[in-house]
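Novice: Just passing along the structure, written as structure tokens.
The values are calculated or read from the model by the stated rules, or taken from the named source; none is laboratory data. Values in this document were obtained by computation on a predicted structure and should not be read as measured data. With ideal geometry, Cβ positions are generated from the backbone for all residues, glycine too; neighbour counts draw on all protein chains shown.
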There are 2 protein chains.
Amino acid sequence: MTVLVTGGSGLVGINLVERLLSQGNDVVSLSATPMPSWAERAFASLAGRLHMYTGDVRNLLDWDAVAKRHDIGSIVHCAAITPKEQREQRDFHRIVEVNVLGTVQALDAARRWHVRRFIYCSSGAVYGANAFPVGEIAEAVCPRPQTLYAVTKHAGEGAALRYGELWNLDVVVARLGTVFGRWEHDTGVRDMLSAPMQTAAIAESGGLAVLPREGLRDWIYGPDVARALVALLEVPKPKWEVYNVGPGAVWSMVDWCELLRSRFPEFSYRVAQDESTANVDFHAPRDRSPLCIARIREDLGFQPEYGLQRAFDDFIDWRRSTLETSLV
Amino acid sequence: MTVLVTGGSGLVGINLVERLLSQGNDVVSLSATPMPSWAERAFASLAGRLHMYTGDVRNLLDWDAVAKRHDIGSIVHCAAITPKEQREQRDFHRIVEVNVLGTVQALDAARRWHVRRFIYCSSGAVYGANAFPVGEIAEAVCPRPQTLYAVTKHAGEGAALRYGELWNLDVVVARLGTVFGRWEHDTGVRDMLSAPMQTAAIAESGGLAVLPREGLRDWIYGPDVARALVALLEVPKPKWEVYNVGPGAVWSMVDWCELLRSRFPEFSYRVAQDESTANVDFHAPRDRSPLCIARIREDLGFQPEYGLQRAFDDFIDWRRSTLETSLV
């Protein structure tokens, strides 16, 4: 099956592309930025074939360019601008265009191409103001989007589900937790290099990381996100329209920095007394509660594979091998 | 103060325009369709001056045309496509553009023009699947938009409130109930002539109205909506970001048809045994619960003035005088 991954060079997309290729699927990536050459080289040895298109999801012609050469079986729509506040201010209109109208273009393509399933990558950010209950956030919690990113992601969910209803298109929404992982790089559309990535870079150069707070969250590793999305692609009949995708466990950036310190003796870290003195950005003023993943566990048998230690080992190994062969 | 009303020729907008003019405000209307000539004539005798622009809220040039000639003090953004299911299917992309990106253009204009307040006309439709509790729907009820209209209205709310936060713009959201009333006419962007309007037209020609069901709802009369919006414009510091706007009472289309029957002896009506045989369209498969208006009552002292009988008398008088002088 050929899978179209939009935003295939972004953090979620690239992990998904790797997973799909390694399982022997042909993959088409439609993305605003090209695949980094070091990723392209690494992917060349995998079983499936990768076809890359640089384009704009808002632009019908870019979708047509894909359709001319490929018979797309499913679409996973990851393409989005993930802005920080300054960019929300600066690029408000464009963020709405890319994240909402880009999704409508993706849905139109899915309908025209009669794809088997359309997966919409949403975000735990949609829970917004309601993301701080005691315990875990289940899918039934009322979304209260606050940032423009969250507003557009929630609008994308609603548009996708309504589109599915109107056109009998099989649509599934995945609300992703805080992703970090392999292949992470600055694409220009994601303002947010992950905190594990930021601290790893400081550790490698023997510096001091000043954390804004402890940072206890359900950090989820890219390969686990990719496995969850593939599971959502492959399940014959998903029972639900919306699934949380998280690691089902929490650890803190202090835990992460402890592992970094044992690996990089020159590295040190502390938690800032005053948040404004931090040199690591968690991209949120508070740490939201972990996503409840009972639904995807029970309906799909999905089980995350990367706990803190395993994710750390894999990530640091990936950093080393990538840094050796190229500039990240 | 000059108030810009977008969608000023639509059902909500036109009632608001009348109210503002009668209070001596200058009003600028930016609307996709021109004001009906019979409304224009009626408004000419009011205290304020009306300036009409036919334009597209998505188009920056149309906003600039307004800015060249007017110093806008406040904006009430009513412009939207109100589609039925067939149009949601046919015009999905355009509905998202007009209802969401049109709102972003309106917000950009509000910021550039330093307006005092921006009122976003949303809809009780945003409560969607959660609009059927026992009792009334308060603003704290979780929105669960289902139609594309509701998805775009909810996205517009979120975008407007976030924009206000980013740019320190005074934004208030009004969630309107099921509006009917004076000046109602087919603009081409609202698929839904109100049920009171449909039945009145049948009554005037002495026909038979077949209702799909009893139709017990919080039907709100246009002039009451207009008064609520003006109250939201005028209150110095609204306590809340979001206000329901409803009549605070329910009556049914059977009640309405009884009044029609006493006024038009040739008229008859019945409730259909089989909904599909109805010739009156309620535009929804179920009647949602009434909006709770405790918030706007308590914070603004707003009190609806039109109960069933008064709205009926006013509406039928308006129909008669308008039909006498022109073709509605």
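Novice: Among the candidates B:Ala155, B:Ala140, which residue alone is more than 24 Å from A:His93 (Cα to Cα) and assigned by TED's automatic domain parsing to the domain that holds B:Val12?
Specialist: Working: B:Ala155 fails: more than 24 Å from A:His93 (Cα to Cα).
Every option except B:Ala140 fails the conditions.
Quick grid of which residues meet (1) farther than 30 Å from B:Glu165 by Cα; (2) of a type in the set (Phe, Trp, Tyr):
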| site | (1), (2) |
| --- | --- |
| B:Leu233 | no, no |
| B:Trp240 | no, yes |
| B:Arg261 | yes, no |
| B:Asp281 | yes, no |
| B:Arg288 | yes, no |
| B:Tyr306 | yes, yes |
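Novice: Let me ask something else about it. Only one of A:Asp281, A:Asp313 is modelled with pLDDT of 95 or more, out of contact with any Gly (no Cβ under 6 Å at 6 or more places or on another chain) and surrounded by fewer than 19 Cβ atoms within 10 Å (Cβ to Cβ); which? Lay out the reasoning, then the answer.
Specialist: Values: A:Asp281 fails: modelled with pLDDT of 95 or more.
Testing whether each residue is modelled with pLDDT of 95 or more, out of contact with any Gly (no Cβ under 6 Å at 6 or more places or on another chain) and surrounded by fewer than 19 Cβ atoms within 10 Å (Cβ to Cβ) leaves just A:Asp313.
Novice: Scan the range A:265-276 and report the pairs whose first residue is closer than 12 Å to A:Ala200 by Cα and whose second residue is of a type in the set (Asp, Glu), with Cβ atoms within less than 7 Å and a gap of 6+ or a chain change.
Specialist: none
Novice: Against the definition (out of contact with any helix residue (DSSP H, G or I) (no Cβ under 6 Å at 6 or more places or on another chain) and either under 21 Å from B:Ala226 (Cβ atoms) or modelled with pLDDT of 95 or more (or both)), how does B:Asp71 come out, yes or no? Even if it seems obvious, please write down each step before you answer.
Specialist: Details: out of contact with any helix residue (DSSP H, G or I) (no Cβ under 6 Å at 6 or more places or on another chain): yes; either under 21 Å from B:Ala226 (Cβ atoms) or modelled with pLDDT of 95 or more (or both): yes.
So B:Asp71 passes the test.
Novice: Just checking, which of A:Ala32, A:Ala39, A:Ala44 is over 19 Å from the mean Cα position of the chain (by Cα) and more than 13 Å from A:Pro223 (Cα to Cα)? First the steps, then the outcome.
Specialist: Working: A:Ala32 fails: over 19 Å from the mean Cα position of the chain (by Cα); A:Ala39 fails: over 19 Å from the mean Cα position of the chain (by Cα).
The conditions single out A:Ala44.
Novice: Given the conditions (1) within 11 Å of chain A (Cβ to nearest Cβ); (2) over 21 Å from B:Gly8 (Cα atoms); (3) crowded, with 20+ Cβ neighbours inside 10 Å, which single one is not true for B:Ala131?
Specialist: (1)
Novice: State all residues of the range B:146-170 that are within 16 Å of B:Asp108 (Cβ to Cβ) and among the polar types (S, T, N, Q); if no residue qualifies, say none.
Specialist: Selection gives B:Asn168 alone.
Novice: Okay, next question. I'm told A:His185 meets every condition in (1) buried (at least 17 other Cβ atoms within 10 Å of the Cβ); (2) in contact with an Asp or Glu (Cβ under 7 Å, 6 or more places away or on another chain); (3) in a loop (DSSP other than H, G, I, E, B) except one. Can you identify the failing condition by its number?
Specialist: For A:His185, the failing item is (2).
Novice: Still on this structure: Among the listed residues B:Ala249, B:Ala226, B:Ala231, B:Ala201, which satisfies the condition of being surrounded by fewer than 17 Cβ atoms within 10 Å (Cβ to Cβ) and in a helix (DSSP H, G or I)? Steps first, please.
Specialist: Values: B:Ala249 fails: in a helix (DSSP H, G or I); B:Ala226 fails: surrounded by fewer than 17 Cβ atoms within 10 Å (Cβ to Cβ); B:Ala231 fails: surrounded by fewer than 17 Cβ atoms within 10 Å (Cβ to Cβ).
Only one candidate qualifies: B:Ala201.
Novice: Considering only the range A:100-127, how many residues are closer than 19 Å to A:Ala150 by Cβ, more than 14 Å from every other protein chain (Cβ to nearest Cβ) and not in a strand (DSSP E or B)?
Specialist: Matching residues across the range A:100-127 total 1.
Novice: For residues that are more than 7 Å from every other protein chain (Cβ to nearest Cβ), over 19 Å from B:Tyr127 (Cβ atoms) and crowded, with 24+ Cβ neighbours inside 10 Å, tally how many sit in the range A:140-169.
Specialist: Total satisfying the criteria: 5.
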